[in-house]
Amino acid sequence: MDEKLLKYCKYGLWGLMGIIVVILAICAFKGEASADLQMYMTYALVILLVLAILFSPIYGAIVNPGNLKKIGIAIGLFAVVALVAWLISPGATLSAEYLESMGITAKAEAVCDFLMMFVYIMLGGTIAAVIYSAVAKLFN
């Protein structure tokens, strides 16, 4: 079953990559008028990412129930990082006049600040894990 799923995932990713290339080519030729298309593509990719994030642990738990503890730890760490990012994000920092002129609400700005902080923390954790892994491999 693992080989079959791997094959389906591989073909799905190739198909998704092809769709993205076609959409980006269309956007490149349309210029600034393609902003809506780019946003919808981003929304679709985020939805696919969330589905993959949800499907992966469920599949892992079905295949190997012993991994449930590790999955719980990962979900807990994810929630802690999200909470920390929400608490340290500056929130609405731009003036109300500027936000109104750009058509952005203060809540949308706060969410963007949170998401940027979350990505920065996750990126820092990923870099730290890679460095730790490389250094640990040197000493083993």
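The long axis of helix 2-30 is offset from the longest Cα principal axis of the chain by roughly 20 degrees. Sorted into 5 angstrom bins from 0, the C-alpha pair distances of the chain split as 2, 8, 9, 13, 14, 18, 16, 11, 6, 3, 1, 0 percent.
In this rough spin-label picture, where each label sits 7 Å from Cα along the Cβ direction, the Thr42-Val80 distance is 3.1 nm.
Compared with the dominant principal axis of the Cα atoms in the chain, helix 35-63 is inclined by about 20°.
The accessible surface of the chain, taken with every protein chain in place and a 1.4 Å probe, is 76 percent carbon and sulfur.
With a point put 7 Å past each Cα toward its Cβ, work out how far Tyr132 is from Lys107 in nm, to one decimal. Between Tyr132 and Lys107, the label points sit 3.7 nm apart.
Peptides 71-78, 132-139 ordered by packing proxy, namely the average of other Cβ atoms within 10 Å per residue, highest first: 71-78, 132-139.
Residues in the range 80-88 carry Karplus couplings, in order, of 5, 5, 5, 5, 4, 4, 5, 6, 9 Hz; the curve used is 6.51 cos²θ - 1.76 cosθ + 1.60 with θ = phi - 60°, and Gly or Pro positions show x. Take each peptide in 21-29, 107-115, count the other Cβ atoms within 10 Å of every residue, and average; sorted highest first, the result is 107-115, 21-29.
The values are calculated or read from the model by the stated rules, or taken from the named source; none is laboratory data. No experiment lies behind these values; they were computed from the predicted model shown. Here the Cβ is made from the backbone with ideal geometry for all residues, glycine too, and neighbour counts use every protein chain on show. Note: accessible area is taken over every heavy atom of the protein model, side chains too, but ligands, DNA and RNA are not part of it. Shrake-Rupley method; radii C 1.70, N 1.55, O 1.52, S 1.80 Å.
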